[in-house]
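What follows is a set of notes on a single structure, which appears directly below.
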């Protein structure tokens with residue numbers, strides 16, 4: 001399959017300490033990749049580097065382009081970046097202004113799927129409702145590249161399943177998901193990337209998922225971490 005995302009020797013150094021160290025990764029168009037690691041392993045920083053939100057050393061290409069690809073990208077990194085004094089609908093309207101040719105029927109379907117109260121001020125939203133609005137904003141442009149950092153935070157089981165169904169049905173989207181929920185990742189991902197101390201320590205293919213149960217993955221990470 002066509003390589004859509006390519007990382008070459010990507011490193012991030014802060015105060016002479018490696019947050020990421022020589023990350024090399026190739027992701028095919030349409031692949032769903034799970035990024036697994038202990039707290040502080042570099043998962044979120046890796047996603048920020050791909051989005052060019054932080055400075056880094058090395059090279060990152062998306063569809064053979066560097067830096068100029070955010071129009072085709074959706075993301076939810078750490079906490080949703082929302083305007084708390086606006087309603088859900090007003091937040092969506094503002095986000096829509098950054099894109100052309102948005103499928104409004106699709107946006108409406110997303111809002112209905114996640115049961116968003118669009119007329120309520122976001123500051124009155126629960127944690128789960130804020131997360132759902134953040135996911136709608138990440139998905140609003142039917143992205144070719146989607147980066148999600150702990151996307152199931154605050155979601156109940158119904159909405160976790162809804163999110164899973166949305167992700168597997170995104171047409172040819174390349175998706176990277178950072179999560180501690182290895183069981184959920186194994187249901188939708190083509191590969192799992194295990195990262196620790198800023199380095200990729202193992203790549204597990206889908207056919208190997210049944211071999212590497214959650215306990216074994218944790219053992220690999222803890223052993224490498226030590």
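Read-outs: derived from the displayed coordinates by stated rules, not from any lab. As the structure is a prediction and not an experimental result, all values here were calculated from the model. Positions of Cβ are backbone-derived with ideal geometry, glycine not excepted, and every protein chain shown enters the neighbour counts.
Before moving on, here are some points about what is shown:
- Rounded to the nearest 10 degrees, the angle from helix 157-168 to the longest Cα principal axis of the chain is 80 degrees.
- Its alpha carbons considered, the range 44-107 gives a radius of gyration followed by a Dmax of 14.4, 41 Å.
- Gained length - residue 161 relative to residue 3, 0.36 nm times residue gap less alpha-carbon distance: 54.0 nm
- Across all Cα pairs in the chain, the calculated P(r) in 5 Å bins from zero up to the longest distance comes to 1, 6, 14, 18, 19, 17, 12, 8, 3, 1, 0 percent per bin.
- Remark: spin-label model distance residue 203-residue 65 equals 2.5 nm, labels positioned 7 Å along the Cα→Cβ axis.
- Calculated FRET efficiency, residue 29 to residue 183, Cβ-Cβ distance, R0 = 22 Å: about 0.25 to the nearest 0.05.
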